[in-house]
Amino acid sequence: MKKLITLLYLVLSFVFVSAQRWKPEVKENIPLDSIRLSDPCILADQLSQTYYMTGTGGLLWKSKDLKFWTGPFIVTKTDPDSWMGPRPMIWAAELHQYKGKYYYFATFTNRNVVIDTVKGNEINRRASHVLVSDKPDGPYVPMKDSLYLPPEKPTLDGTFWVDKDGKPYMVYCYEWLQNWNGTIEKIELKPDLSGSIGEGKVLFRASDSPWSREKDENGNIKPNKVTDGPWLFKTQTGKLGMIWTSWVFGDYTQGVTYSESGTLDGPWIQQEEPITPPNFGHGMLFRNFEGKDLMSVHSHKNVNGRYIRVPHLFEVDLSGDKLVVLEPWQP
């Protein structure tokens, strides 16, 4: 598993740095399954009646029908003098509309700064952060606060939720590379999302999972240490749930958990079995313009040592107390 993760980081690093140094050629009528993209997140923008898709790499695609896409576009403008450095890697970007503005939640990594070394692994400066724009297609720019999360902790995959108390929160992962038992945590955001308030709170740990699996150095089977890709949702009966991703041995897989209190504070009860087929994960949920609930994920395939990740859509049923993943959905 350690070698697998390290190889993935090296491959992604090359892709991200390359993306920062060249201007992509914008193409039209690209089929969804022809796009190579990790962690796809789709915003169905009612105002423009347009779908906007982003993800790892920080690029953006646009579509009117979810079938054919135009892109990619560069939509971020980060501060080269900030902790991110001049060419940060961008992972797991998400788009959220809130109070008349559009927000870009993403993980930024400065590969030139090492914050820790654990079990021989150097850990780069990495954190979830938020940019803002007046338009869904950007440009997305920094706000006044330079930090959202502690600089000594590697965090990633930040997402957005407004809890029952009416306050906005970032929900994010504290990466397993440092704590060796990844967590999913929450932190309160300022009313305009321009920074965070207080400290983070653990919602649950990777070891709480009944479905993820790995073998330790002695060959014993135990829960996998990875927490990845949280996304909050409510069913039509008002049940608060969260999808998140880990590994079942060598397979990238997604599970779901539900809050007994109906708030972020939980307690969070993990469903026993994963909800996606093997090698599908890092999902998010949205409703298309026809009113159908969909889940966007990427497939994960190793081809001769190279990871191929492609966006996919599944139809989901949210009518009851639990999320039910149905058949793959073709636009």
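The values are calculated or read from the model by the stated rules, or taken from the named source; none is laboratory data. As the structure is a prediction and not an experimental result, all values here were calculated from the model. As a convention, Cβ positions derive from the backbone with ideal geometry for all residues, glycine included, and neighbour counts pool all protein chains shown. The protein model used for the area step is the full one, side chains on, heavy atoms only, and it has no ligands, DNA or RNA in it. Shrake-Rupley method; radii C 1.70, N 1.55, O 1.52, S 1.80 Å.
Give the calculated FRET efficiency between Arg213 and Ile269 to the nearest 0.05, with a Förster radius of 22 Å applied to their Cβ-Cβ distance.
Numbers: r = 19 Å, r/R0 = 0.87.
E between Arg213 and Ile269, to the nearest 0.05, is 0.70.
Applying 1/(1 + (r/R0)^6) with R0 = 30 Å to the Cβ-Cβ distance of Lys201 and Leu147, what FRET efficiency is obtained, to the nearest 0.05? Could you put the intermediate results ahead of the total?
Details: r = 17 Å, r/R0 = 0.58.
In this case the efficiency is close to 0.95.
With a 1.4 Å probe and all protein chains left in place, how much accessible area per residue does the range 263-331 have, in Å²? Mind showing how you got there, number by number?
On the way: 3350 Å² over 69 residues.
Heavy-atom SASA per residue in the range 263-331 reads 49 Å².
Using the Cα atoms of the range 285-331, I'd like the radius of gyration and the largest Cα-Cα distance, Dmax, both in angstrom.
13.3, 42
Pairs to check: Lys135/Lys234; Lys234/Lys292; Lys201/Lys301. Give those whose C-alpha atoms are more than 22 Å from each other in this structure.
Details: Lys135/Lys234 26 Å; Lys234/Lys292 15 Å; Lys201/Lys301 34 Å.
Distance filter (> 22 Å) returns Lys135/Lys234; Lys201/Lys301.
May I ask for the net charge around Leu147, where only other residues with Cβ less than 15 Å from the Cβ of Leu147 are counted and Lys, Arg are +1 while Asp, Glu are -1?
Numbers: positive: Arg125, Arg126, Lys144, Lys153, Lys190; negative: Asp79, Asp81, Asp145, Glu152, Glu188, Glu199.
Taking every Cβ under 15 Å from that of Leu147, the sum is -1.
Given just the C-alpha atoms of the range 95-221, how large is their convex hull per residue in cubic angstrom?
Details: hull volume 16.8 nm³, N = 127.
Looking at the range 95-221, the number lands at 132 Å³ per residue.
If we sort 163-169, 67-73 on the protection proxy, mean other Cβ atoms within 10 Å, highest first, what's the order? Write out the running numbers ahead of the final one.
Numbers: 163-169: 14.9, 67-73: 18.7.
Ranking the peptides 163-169, 67-73 by packing returns 67-73, 163-169.
Going by average Cβ density within 10 Å per residue, which order do the peptides 48-55, 153-160 take, highest to lowest?
153-160, 48-55
Tell me the carbon and sulfur percent of the accessible area for the range 111-227, rounded to whole percent, probe radius 1.4 Å. Can you show the working numbers first?
Details: 2330 of 5060 Å².
Answer for the range 111-227 is 46 percent, counting heavy atoms of protein chains only.
Take the alpha carbon gyration tensor of the range 226-331, find the square roots of its eigenvalues, order them as a ≥ b ≥ c, and report rounded if a/c is under 1.5; if not, report prolate when a/b exceeds b/c, else oblate.
Numbers: a/c = 2.43, a/b = 1.33, b/c = 1.83.
Oblate.
Classify the range 107-174 from the C-alpha gyration tensor, please: rounded if a/c falls under 1.5, else prolate or oblate depending on whether a/b exceeds b/c. Intermediate values should be presented prior to the final figure.
Working: a/c = 2.73, a/b = 1.59, b/c = 1.72.
Oblate is the answer for the range 107-174, as a/c is 1.5 or above yet b/c matches or exceeds a/b.
For the range 206-254, what does the accessible surface come to per residue with a 1.4 Å probe? Please give it in Å².
Numbers: 1850 Å² over 49 residues.
That works out to 38 Å² for each residue.
Cβ neighbours within 10 Å, averaged per peptide: list 277-288, 116-127 in order, most packed at the top.
Numbers: 277-288: 20.5, 116-127: 15.1.
Ranking, from highest mean packing down: 277-288, 116-127.
Give me the Kirkwood hydrodynamic radius of the range 27-151, using the inverse of the mean 1/r over all pairs of distinct Cα atoms, in Å to one decimal.
Numbers: mean 1/r = 0.0650 Å⁻¹.
After inverting the mean inverse Cα-Cα distance, the result is 15.4 Å.
Once both labels are modelled 7 Å past Cα along the beta-carbon direction, what's the Ser261-Asp165 spacing in nm?
0.9
I'd like the carbon and sulfur percentage of the solvent accessible area for the range 237-316, probe radius 1.4 Å, heavy atoms only, ligands and nucleic acids excluded.
Taking all protein chains in place, the range 237-316 shows 49 percent carbon and sulfur surface.
Going 7 Å from the Cα of Tyr98 along its beta-carbon direction, which residues of the range 264-284 have the amide nitrogen within less than 20 Å of the resulting point?
Those under the cut-off are 264-266, 283-284.
Only one of the values [x] 35, 55, 10, 0; [y] 33, 63, 5; [z] 34, 58, 8, 0 was calculated from this structure for P(r) over Cα pairs in 20 Å bins from 0, in percent; name its label.
From the options [x] 35, 55, 10, 0; [y] 33, 63, 5; [z] 34, 58, 8, 0, the structure gives [y].
Assign one of three labels to the range 39-112, namely rounded, prolate or oblate, based on the Cα gyration tensor with a ≥ b ≥ c the square roots of its eigenvalues; rounded applies when a/c is under 1.5, prolate when it is not and a/b is larger than b/c, and oblate otherwise. Working shown, then result.
Numbers: a/c = 2.61, a/b = 1.79, b/c = 1.45.
Prolate.
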